[in-house]
Every structure is written in C-alpha cells, then in structure tokens.
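Have a look at the structure below, then the notes.
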Amino acid sequence: MKALVKARPEPGLWMETRPVPDIGPDDVLIRIRKTGICGTDIHIWNWDEWAAKTVPVPLVTGHEFAGEIVELGRNVEGLAIGQRVSGEGHLIGKLSRQSRAGKFHLDPATRGIGVNEPGAFAQYLRLPAFNVVPLPDSIDDEIGAILDPLGNAVHTALSFDLVGEDVLITGAGPIGIMAAAVARHVGARHVVITDVNPARLALAAEVTDVTPVNVATEDLRDVMARLKIVQGFDVGMEMSGNQMALDQMVESLVMGGRIAMLGIPTGKSPVDWSRIVFKAITIKGVYGREIFETWYKMIAMLENGLDVRRVITHRFGVDDFETGFAAMRSGQSGKVVLDWG
Ligand code: NAD
Ligand code: ZN
C-alpha cells in the first residue's frame, strides 16, 4: 500500500510502499478515503525538537481520517464490513485507575496513531475496534476526516457553560475557528476571536458569526467597549499556544472567569499568577477528546446544524501531498484534506 512515512530523522515526509497491516482479533482494518493534515503533522514534517524526541523512525504518520471497514478481527462485534467510519486516534490502556473509572481520555498510557504508532496517512489503517466511530450518512468523508480537530474544539468549548455568555477565543487556527462555531451553536452571546494573521481572521468570519480582532493592529478593549462587554469575557478558550494571548485573556476576563486551555505553549512560560488569584480565575487544561462523550456530542451537533465545512480551504489528491503540506505550512490555510481515492 501507499503510505506517507517519516522515513528519516530530518525534515520531510516520503511516499513509500508498505505492507498492508495485519490485524489482531480485536482490531479492524480500515481502507482510508480522506485524511486531514494537522499542526502535529507539520511538527513531524519539520522534525522539530518535540518530534525528534517523540516519533520513532520509520513511522507511517497521520491521525485524522475517514474510511471504510474492509476486515474485522474475530472478536469484533457490532461493526460491519463496508461501514463508513472515523475513529479516535488516541490508543488507551485499560489498566490505569482513570481508565478503570471510564475516564479513558485521562489514561496516562495513551499512545497516538501517527505519532507513536503507525498512522492513517496510508491506504489501510489497523485500529482497535474500541476506537472506531461509525459515521452517519449525513457526515461525509471530508467532514469525517476532520472530526479529530473538531473534537478538540468541542471538548474545549463544552468545558464550561456558554449559554448567554461572552466568549473570547485567542487563536483563529482551524481549531479556534471551529470552537467559535460550536460556541455559537450552543448559544453564546458574543464570540470574539483574536489572531495576528488577517487571513485566518477573515476565514473565521466566513465560517461563523464571530467578531474577529487583529490584536497586532486593534485594541481588544475598544472592541469590548463597542460590544458593551463591560466587566470582561465570561469564558476564554486559549487556542494559540502564544504566551501574549494567554496574558491578554487573563486581563480581559471577568472576576470568576473560566479558561479552557487547548493551545500548547512552547516550553515553560511566565504567567502573572497574582492576577489569576485576585480575579479568582479557573483554568482547565484540555487534552484530546473525551472518549467517547465528545464524539457523541460532536456528531449530534453536526446532525443538528453545526456547519464547519468552510474551515476546509484546500483539497488535494494524495499524490500532491507536498502541495498540501506547503499550503498548511504557509499559515494561509484552514484545514487541508487529502483524498486517498
Ligand atoms: P494553529 O497553529 O493553526 O493556530 C494558532 C493561531 O494562533 C495561528 O493562526 C496564529 O497566528 C495565532 N496566534 C499567534 N499569536 C497570537 C496572539 N498573540 N493572539 C492570538 N492569536 C495568535 O493551531 P491549531 O491547529 O488551530 O491548534 C490550536 C492550538 O491547539 C495549537 O497550539 C495546537 O498545538 C494545540 N492543540 C492542542 C491539542 C491538545 O490536545 N491539547 C490538540 C490539538 C492542537
Ligand atoms: Zn490532529
């Protein structure tokens, strides 16, 4: 089969021919139809410090996918050959206290497909049946291929009650934009999204009803005054990984405000803790998706009018993967989807 492989410990990915994976009794084999390129894949392409210490070489990369089941392990029940599926790319252990309590997303032994284990940028993927999420007919393959990052957005956005609340999202990357769409869908009052990249802010306004703010050129306080957000935002979602953005968020929240933090700062970063204390702010770190509660809620919202399709800005056949990665690396794209035919 064709597969996009991190074949050498240096920048790049290489299309190689690999054997179709053998499956175990509890696994399924999925023929991949569409995949999404994630920021994580860009780290792996660039071979930065994180990638070099995390990713074993050689490894088939990729974790955002939709496809069709073509083989079932002998213990697998409740799934069928030909079924259209996506799936959770975090492979969890079942031995930790968290897993045994059903909090699978908090299992410390989690391993990621396309990061620690063979991934989805291939014609075929082996996945434990436990991780499979069937797709209803109303969710097509390209939306199926971005459920992993949409799940990050949903997990973050549903961390706190947003109904009637003023929400600040820092970072208008694909996940921040989708989080804005979710916040609107569930009934937030004002949703303000910040970035320093005009293309990303324009895309945010195309995808959903948000107030985009370029913090490189505009003062967020002016925007708050215009929207009559007097005491501050009720809820913040940090989706940039940028230290300045987190600072600005803490400064712009109400007393008792809540922050859900998905963005990953590089290294240790200084935080003004006294401001967090005196404002009595709650911060929740968010990792991955709740397994599988996020998936159920996300699919239900998509079936009830949540529309994130316009966040997909580029579509390529997989033989043009280099163009797809270039689009993603340019910072001018939303989601980039590759078609495996
Ligand atoms: P992205 O890199 O595409 O988007 C981040 C955006 O933040 C960019 O558009 C950038 O211009 C913007 N930004 C930079 N400085 C800013 C500032 N001062 N104020 C506001 N915005 C600023 O990322 P993404 O794929 O949308 O993911 C969002 C974040 O979530 C990233 O940090 C990513 O690493 C992280 N992430 C975390 C998890 C998790 O499980 N915790 C999962 C996926 C992604
Ligand atoms: Zn991803």
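The values are calculated or read from the model by the stated rules, or taken from the named source; none is laboratory data. Everything numeric in this text was worked out from a predicted model, so none of it was measured. In this analysis, Cβ positions are derived from the backbone assuming ideal geometry, glycine residues included, and neighbour counts consider all displayed protein chains. All accessible areas refer to the heavy atoms of the entire protein, side chains included, with ligands and DNA or RNA removed. Shrake-Rupley method; radii C 1.70, N 1.55, O 1.52, S 1.80 Å.
Restricting the first member to the stretch 7-29 and to residues that are open to solvent by less than 50 Å² (accessible area, probe 1.4 Å), and the second to residues that are among the aromatic types (Phe, Trp, Tyr), the beta-carbon pairs closer than 7 Å and six or more apart or on different chains are ALA7/TRP14; GLY12/TRP45; LEU13/TRP45; PRO21/TYR124; LEU29/TYR124.
Out of curiosity, is ASP209 among the acidic types (Asp, Glu) and surrounded by 21 or more Cβ atoms within 10 Å (Cβ to Cβ)?
Values: among the acidic types (Asp, Glu): yes; surrounded by 21 or more Cβ atoms within 10 Å (Cβ to Cβ): no.
So ASP209 fails the test.
Of the residues making up the stretch 53-80, those that are open to solvent by 50 Å² or more (accessible area, probe 1.4 Å), within 30 Å of PRO9 (Cβ to Cβ) and in contact (Cβ under 8 Å) with a residue 40 or more places away in the chain are PRO56, VAL57, PRO58. Would you please name the residue that is nearest to ligand 2 (Cβ to nearest atom), looking only at residues in the stretch 136-163 that are open to solvent by 30 Å² or more (accessible area, probe 1.4 Å) and under 14 Å from GLY236 (Cα atoms)? It comes out as LEU158.
For every residue, the table says whether it meets (1) within 16 Å of ligand 2 (Cβ to nearest atom); (2) open to solvent by 10 Å² or more (accessible area, probe 1.4 Å); (3) over 29 Å from ILE146 (Cβ atoms); (4) not aliphatic (A, V, I, L, M).
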| position | (1), (2), (3), (4) |
| --- | --- |
| ALA204 | no, no, no, no |
| VAL213 | no, no, no, no |
| ARG258 | no, yes, no, yes |
| GLY263 | yes, yes, no, yes |
| ALA280 | no, yes, yes, no |
| PHE292 | no, yes, no, yes |
| ILE299 | no, yes, no, no |
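Which members of the stretch 19-45 meet the condition of being touching a Lys or Arg at 6+ places or on another chain (Cβ under 8 Å) and within 13 Å of ligand 1 (Cβ to nearest atom)? GLY36, ILE37, ILE42, ILE44, listed by residue number.
Is it true that some residue in the stretch 282-303 is part of a helix (DSSP H, G or I), over 18 Å from SER138 (Cβ atoms) and without any contact (Cβ under 8 Å) to a residue 24 or more places away in the chain? Looking for residues that are part of a helix (DSSP H, G or I), over 18 Å from SER138 (Cβ atoms) and without any contact (Cβ under 8 Å) to a residue 24 or more places away in the chain, one finds at least one in the stretch 282-303, hence yes.
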